[in-house]
1. Please build a GNM for the chain, connecting alpha carbons under 10 Å apart, and tell me which residue among 80, 132, 102 fluctuates the most.
2. Treating only the Cβ of Lys, Arg, Asp and Glu as charged (+1, +1, -1, -1), what charge dipole size does the stretch 121-219 show about its Cα centre? Round to the nearest 20 debye.
3. When a footprinting reagent is the concern and you count Cβ atoms within 10 Å, what order do 50, 101, 59, 95 take, fewest first?
4. The stretch 90-112 to the stretch 14-30: how many Å between their Cα centroids?
5. Using a Gaussian network for the chain with springs between C-alpha atoms less than 10 Å apart, which of these wobbles most: 189, 22, 31?
6. Please state the charge dipole magnitude for the chain, taken about the Cα centre, from unit charges on C-beta atoms (+1 on K and R, -1 on D and E), reported in debye and rounded to the nearest 20.
7. Put +1 on the Cβ of every Lys and Arg and -1 on every Asp and Glu Cβ in the chain; which of 133, 59, 200 then has its Cα farthest towards the positive end of the dipole?
8. Between residue 5 and residue 63, what is the label-point separation in nm under the 7 Å Cα-to-beta-carbon projection?
Amino acid sequence: MGPDRAQIAARLAAERLVILGGFAVDPAEPGLPPGSRAILLIGPQEPGFWPHFRQSPEWGDGQPDPMDRWSRRVLDRIAAGIGAMALFPFGGPPWHPFFDWALRTGRIAQSPIRLLVHAEQGLMVSFRGALALPMATELPEPMRSPCLDCADRPCRAACPVGALAGGAYDLAACHGHLARPEGADCLGGGCLARRACPVSHRYARLPEQSAYHMGQFHR
């Protein structure tokens with residue numbers, strides 16, 4: 001019998017990470033480590049994640065993809081300590097279906113602009129990895145999508161070039177905007193559509209972290 005959810009959460013909290021949701025799986029489910037019984041999705045815990053990460057050796061060593069390398073080192077170590085396996089949204093192909101996994105948790109929904117939304121993190125929700133547990137564990141309770149109570153839905157009109165307005169993500173329009181001077185606000189402070197979400201306003205993600213991710217996305 002492995003550690004319970006509270007013990008796992010404590011190990012994650014030491015690295016400023018948090019369980020965003022989870023779901024039970026059949027041990028024979030394809031695409032997962034054999035014998036898996038539960039999947040926990042892991043993301044940054046705010047406030048405090050960005051300063052913590054910036055103290056890491058990966059941030060200071062000058063090598064590419066410091067956050068992905070930090071995530072792999074930290075979550076592989078935590079997974080080994082509880083007899084689990086860490087899975088990541090990077091490093092493919094093959095790619096793990098984190099979008100579908102997020103919806104299976106019942107705590108993360110698809111927003112009106114098709115990006116994932118979390119009741120506590122809004123459109124700023126992101127994943128550093130997942131833990132595949134070989135034992136059943138208590139799972140976080142489902143949460144109501146904040147979009148159901150959002151009458152104005154400002155995310156739909158926030159993108160200056162309408163990259164999220166057509167039912168699919170217009171990647172070319174987004175990158176084109178970021179490459180122009182008028183895209184400096186998105187590039188330096190984070191996606192305007194994500195920032196428009198009322199729940200995102202209450203989530204303590206620093207603009208510097210959003211700028212880092214936008215830079216990685218647009219490089």
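Values in this text are rule-based calculations from the coordinates and carry no lab data. Because the structure is a prediction, the values reported are computed rather than measured. Note that we place each Cβ from the backbone using ideal geometry, even for glycine, and neighbour counts take in every protein chain shown.
1. Of 80, 132, 102, the most mobile in the Gaussian network model is 80.
2. Dipole size: approximately 120 debye.
3. Values: 50 18, 101 21, 59 15, 95 11.
Neighbour counts put them in this order, fewest first: 95, 59, 50, 101.
4. The stretch 90-112 and the stretch 14-30 have Cα centres spaced 11 Å from each other.
5. Taking springs between Cα atoms under 10 Å, the residue moving most is 31.
6. 140 debye
7. Most positive-ward Cα: 200.
8. Once both label points are built, they end up 3.5 nm from each other.
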